[in-house]
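First up is the structure itself, then whatever we jot down about it.
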Amino acid sequence: MIRINLLPEEYRRKSKTPVRVLAAVCAGVSVNALVAAWYGWLAFGVGAEVESEAAVLQTELDGLAPQVSYFRSLDAEKRRFAGREETLQGITQTRINWTAKIDQLVTIVNNGGEGQRHFVWLDDLNIQQSADARAKSAGSLRAQGHSGSEHFSQVANFLDDIEDPAFLKEFLPPAPPEGTQAQVDRELEPSVVWNFPLKLELKGADKPKPAPAKKPAPKPADEGEQGGQK
C-alpha cells in the first residue's frame, strides 16, 4: 500500500531507523571489531612471541647439532670396538697360555719333596692344539716321564698332583698310572727308574646344550571316564 503525505514539509514527521535494526547493526559492528582486535592480538602479539621462541629454539638446536653428530660418531665407534672386543674374547677363550701352563707343570714336578712324594723328570715334551671344531681331539700334551724311585706309587702321586684344578682346568683327567721299570743299578743315583707316559688331552670347546623337549600337557579325561572313576 502506498501512502501519500500531503502535509507541508515542515509538518511532516521524519522517518527514523527502527531500534531493533539499529541494535543489530551495532551488535554486528561490535562483533566484527572484537574479531578484528582478537586476530590482531594473535597475529602481532602471540604470533610474534611464538616466532621469537621458535627462533631461540632453532638457534639452540643448531648449536646442539654438532654435539649430536659427535655423539653418534662416538656411539658408532663404541659399537665397533665392542664387536672387536667380543671377537678377541672369543679368540682368547680358545687359546691357552702355554708359558703359564708349562710353569705350572714345572712347579708340580719340583714339588715332589726331593723324592719324599715323587722324583720325576720329563723328556720330549710335545704339545699339539687344533682349532678345527670337527677334529676328534682339541689337542694334547705328551711327554715321556721318568720316576727315580723303586716305589711305583710315586708315579701315582705325581699324576694326583697333575690333577690340581689350576693346571687341569684345560685338560681331561690323566689315564691311570702305567709304566715299566727301565733301570736297576745300585751304583747309580737313582738306582731304580720307572718310565711312564704322560698323556693329557685338551678339553673340547663347550657346545650349547639342546633345549629339553617340552612334555605334552596331559589330556583332560572324558566325562564318561570321570563318571566311571567316581
In percent, how large is the relative contact order of region 87-178, given Cα pairs closer than 8 Å and 6 or more residues apart? 27 percent
Using only the Cα atoms of region 127-167, construct the convex hull and provide its projected area averaged over every direction, in square nanometres to one decimal. 4.1 nm²
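Every number here is computed from the coordinates shown, using simple stated rules; none is lab data. Keep in mind it's a predicted model, so treat the numbers as computed, not measured.
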